[in-house]
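Colleague: One structure, as structure tokens, below. Some questions next.
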Amino acid sequence: GENVEQHPSTLSVQEGDSAVIKCTYSDSASNYFPWYKQELGKRPQLIIDIRSNVGEKKDQRIAVTLNKTAKHFSLHITETQPEDSAVYFCAAETTGFQKLVFGTGTRLLVSP
Amino acid sequence: EPEVTQTPSHQVTQMGQEVILRCVPISNHLYFYWYRQILGQKVEFLVSFYNNEISEKSEIFDDQFSVERPDGSNFTLKIRSTKLEDSAMYFCASSNAGNTIYFGEGSWLTVV
């Protein structure tokens with residue numbers, strides 16, 4: 001089955017810096033890759049997603065890139081703000097199976 | 001914006017007791033899920049449900065677990081005889097085929 005690895009486990013940046021979180025997946029049949037932000041005690045909230053027919057997607061300060069050949073995808077946050085501090089999870093889904101396999105999460109801390 | 005709603009938000013139960021967690025998925029969604037998250041760990045898939053039957057389940061979803069859609073709106077997760085290691089946040093989620101999976105706020109289960 002699918003296995004998703006995520007790095008780093010923690011990431012500390014200064015406000016205004018960029019943050020990059022990387023994930024790799026094992027199942028070449030996976031074709032949907034969402035990123036979720038989770039604040040303490042809250043639900044995972046989708047922040048951006050990408051499908052396998054697209055190499056990059058951007059939404060304001062957030063972008064995701066996908067390399068299908070290497071089976072990895074990354075989240076890029078530019079101009080980070082303290083309110084970006086949270087745990088970020090990547091996930092992968094294979095069509096037909098309708099389940100998300102999550103990475104282990106990255107705790108992002110943005111210091112003012 | 002439509003939301004997945006869950007009850008209870010928090011439940012404390014004695015080991016060996018049965019627990020039912022309830023969810024109301026987004027009304028036009030066809031796929032329903034349960035995920036769980038042990039404190040400080042990643043989100044793990046438990047089960048997916050479509051067309052009134054389980055479409056996929058994980059190794060975690062053993063004979064102690066069951067799901068039901070008793071009417072047109074509710075989706076429940078039952079744990080027959082709770083164990084200490086069942087203590088976790090349980091998230092219900094829903095989606096339509098090929099679309100974003102939306103999570104509820106979660107039900108925090110503590111087994112003592």
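Colleague: What single numbered condition from (1) within 17 Å of residue A:54 (Cα to Cα); (2) in contact with a strand residue (DSSP E or B) (Cβ under 6 Å, 6 or more places away or on another chain); (3) in a loop (DSSP other than H, G, I, E, B) fails to hold for residue A:69?
Modeller: For residue A:69, the failing item is (2).
Colleague: Moving to a separate point now. For residue A:16, only one of the following conditions fails: (1) in a loop (DSSP other than H, G, I, E, B); (2) out of contact with any Ser or Thr (no Cβ under 8 Å at 6 or more places or on another chain). What is its number?
Modeller: Result: residue A:16 fails condition (2) only.
Colleague: Quick one: count up the residues across region A:49-63 that are within 14 Å of chain B (Cβ to nearest Cβ), surrounded by 14 or more Cβ atoms within 10 Å (Cβ to Cβ) and assigned to a strand (DSSP E or B).
Modeller: Residues in region A:49-63 being within 14 Å of chain B (Cβ to nearest Cβ), surrounded by 14 or more Cβ atoms within 10 Å (Cβ to Cβ) and assigned to a strand (DSSP E or B): 4 in total.
Colleague: So which strands (runs of 3 or more DSSP E) are wholly in region B:1-82 and hold at least 2 residues that are open to solvent by less than 30 Å² (accessible area, probe 1.4 Å) and without any contact (Cβ under 8 Å) to a residue 40 or more places away in the chain?
Modeller: Those strands (runs of 3 or more DSSP E) span B:43-50, B:65-68.
Colleague: Do you know which residues across region A:78-100 are open to solvent by 30 Å² or more (accessible area, probe 1.4 Å) and either within 12 Å of residue A:35 (Cα to Cα) or acidic (Asp, Glu) (or both)?
Modeller: Those that are open to solvent by 30 Å² or more (accessible area, probe 1.4 Å) and either within 12 Å of residue A:35 (Cα to Cα) or acidic (Asp, Glu) (or both): A:79, A:83.
Colleague: Given (1) at pLDDT 95 or above; (2) of a type outside the set (Ser, Thr, Tyr); (3) under 22 Å from residue B:97 (Cβ atoms), identify the lone condition not met by residue A:46.
Modeller: Only one criterion is unmet by residue A:46, namely (1).
Colleague: State whether one or more residues within region B:85-101 are farther than 19 Å from residue A:100 by Cα, under 10 Å from the mean Cα position of the chain (by Cα) and of a type in the set (D, E, K, R).
Modeller: no
Colleague: If you take the residues in region B:83-112 that are at the interface with another protein chain (Cβ under 8 Å from one of its Cβ atoms) and assigned to a loop (DSSP other than H, G, I, E, B), which one is modelled with the lowest pLDDT?
Modeller: B:98
Colleague: Pick from A:40, A:109, A:46, A:75: which is assigned to a strand (DSSP E or B), open to solvent by 10 Å² or more (accessible area, probe 1.4 Å) and farther than 30 Å from residue B:51 by Cα?
Modeller: Of A:40, A:109, A:46, A:75, the one residue that is assigned to a strand (DSSP E or B), open to solvent by 10 Å² or more (accessible area, probe 1.4 Å) and farther than 30 Å from residue B:51 by Cα is A:109.
The values are calculated or read from the model by the stated rules, or taken from the named source; none is laboratory data. In this text the structure is predicted, and so the values were computed from the model without any measurement. For neighbour counting, all protein chains shown are included, and Cβ atoms are generated from backbone atoms with ideal geometry for every residue, glycine included. Surface accessibility is based on the protein's heavy atoms, side chains included, excluding ligands, DNA and RNA. Shrake-Rupley method; radii C 1.70, N 1.55, O 1.52, S 1.80 Å.
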